[in-house]
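K.L.:
Below is the structure I would like to discuss, written out as structure tokens.
The values are calculated or read from the model by the stated rules, or taken from the named source; none is laboratory data. Owing to the predicted nature of the structure, the values given are computational and were not obtained by experimental measurement. With ideal geometry, Cβ positions are generated from the backbone for all residues, glycine too; neighbour counts draw on all protein chains shown.
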Amino acid sequence: MEAYKQRMIDEYNQLKERCVRIENFLKAYKEKQVPDFELSCPLELLQSQYHAMRSYLKILETRAKFERIDLIEKEKIYTVEIPVGDGFFQTLCQSGTGNLCLNDHKYLSLKKLREHNSYVPGGLTEKKIKNSTVAWAWQFAKEVEDD
């Protein structure tokens, strides 16, 4: 990838993260969820800054379309193969509440296990696994290769 494209992607992602932070702060401040905090500048100035940042994000998105740059980095998808003895494996599944949990089925076929991993909406991502109650399973994660 050409260096300027990577710089643009980095700039976009950094700006997007900062927009989320300032948006969350403005929302919390408006709802008085920021205890004992006094602004050092007018609230309107922060709101203007937020709107300018959002406008610049839109400009970067439009430019990226013209230059055929994919700004959204796709998260890597993993399969989790936990050996449980006698050639069997267990994996993770997503409960009805959306939480990851240990699947109670024991797989002899890794092909079938990987197929069942693909049923998790959005796939098993590093973030999804590490932020779950079964984060210990990350040690068994293997990146799924693109077909």
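K.L.:
Are any of the residues in the stretch 97-113 at pLDDT below 90, β-branched (Val, Ile, Thr) and within 30 Å of Arg21 (Cβ to Cβ)?
P.N.:
yes
K.L.:
List pairs: first residue in the stretch 126-147 and closer than 16 Å to Lys76 by Cβ and touching a residue at least 40 places away in the same chain (Cβ under 8 Å), second residue among the small types (Gly, Ala, Ser) and not in a loop (DSSP other than H, G, I, E, B) anywhere in the structure, Cβ distance under 7 angstrom, at least six positions apart or on different chains.
P.N.:
Ile129/Ala135; Ile129/Ala137; Ile129/Ala141
K.L.:
While we're here: Name every residue in the stretch 28-44 that is part of a helix (DSSP H, G or I) and surrounded by 11 or more Cβ atoms within 10 Å (Cβ to Cβ), in order of residue number.
P.N.:
If the condition is that a residue be part of a helix (DSSP H, G or I) and surrounded by 11 or more Cβ atoms within 10 Å (Cβ to Cβ), then Ala28, Tyr29, Lys30, Leu43 are the ones that fit.
K.L.:
If we scan the stretch 68-82, do we find a residue that is over 30 Å from Cys101 (Cα atoms), touching a residue at least 12 places away in the same chain (Cβ under 8 Å), surrounded by 14 or more Cβ atoms within 10 Å (Cβ to Cβ) and in contact with a helix residue (DSSP H, G or I) (Cβ under 6 Å, 6 or more places away or on another chain)?
P.N.:
yes
K.L.:
If you scan the stretch 6-61, which residues turn out to be at pLDDT 95 or above, more than 22 Å from the chain's Cα centre (by Cα) and either among the acidic types (Asp, Glu) or within 21 Å of Lys74 (Cβ to Cβ) (or both)?
P.N.:
Scanning the stretch 6-61 gives a single hit, Glu44.
K.L.:
Give the residue that is surrounded by the fewest Cβ atoms within 10 Å (Cβ to Cβ), with candidates limited to residues of the stretch 83-110 that are under 24 Å from Glu73 (Cβ atoms) and aliphatic (A, V, I, L, M).
P.N.:
Leu100
K.L.:
Considering every residue within the stretch 65-75, establish whether at least one is farther than 29 Å from Ala135 by Cβ and of a type in the set (Phe, Trp, Tyr).
P.N.:
yes
K.L.:
Does any residue in the stretch 111-125 that is farther than 9 Å from Tyr78 by Cα come within less than 7 Å, Cβ to Cβ, of a residue that is aromatic (Phe, Trp, Tyr) six or more places away or on a different chain, and which pairs are these?
P.N.:
Listed by first residue and then by second, the contacts come to Leu113/Phe89; Leu113/Tyr107.
K.L.:
Sticking with this one: Which of the residues that make up the stretch 94-137 are within 14 Å of Ile82 (Cα to Cα) and assigned to a loop (DSSP other than H, G, I, E, B)?
P.N.:
Asn103, Asp104, His105, Lys106, Leu108, Ser109, Val134
K.L.:
Looking for something out of contact with any strand residue (DSSP E or B) (no Cβ under 6 Å at 6 or more places or on another chain) and buried (at least 18 other Cβ atoms within 10 Å of the Cβ) - is there at least one such residue anywhere in the stretch 120-128?
P.N.:
There is at least one residue in the stretch 120-128 that is out of contact with any strand residue (DSSP E or B) (no Cβ under 6 Å at 6 or more places or on another chain) and buried (at least 18 other Cβ atoms within 10 Å of the Cβ).
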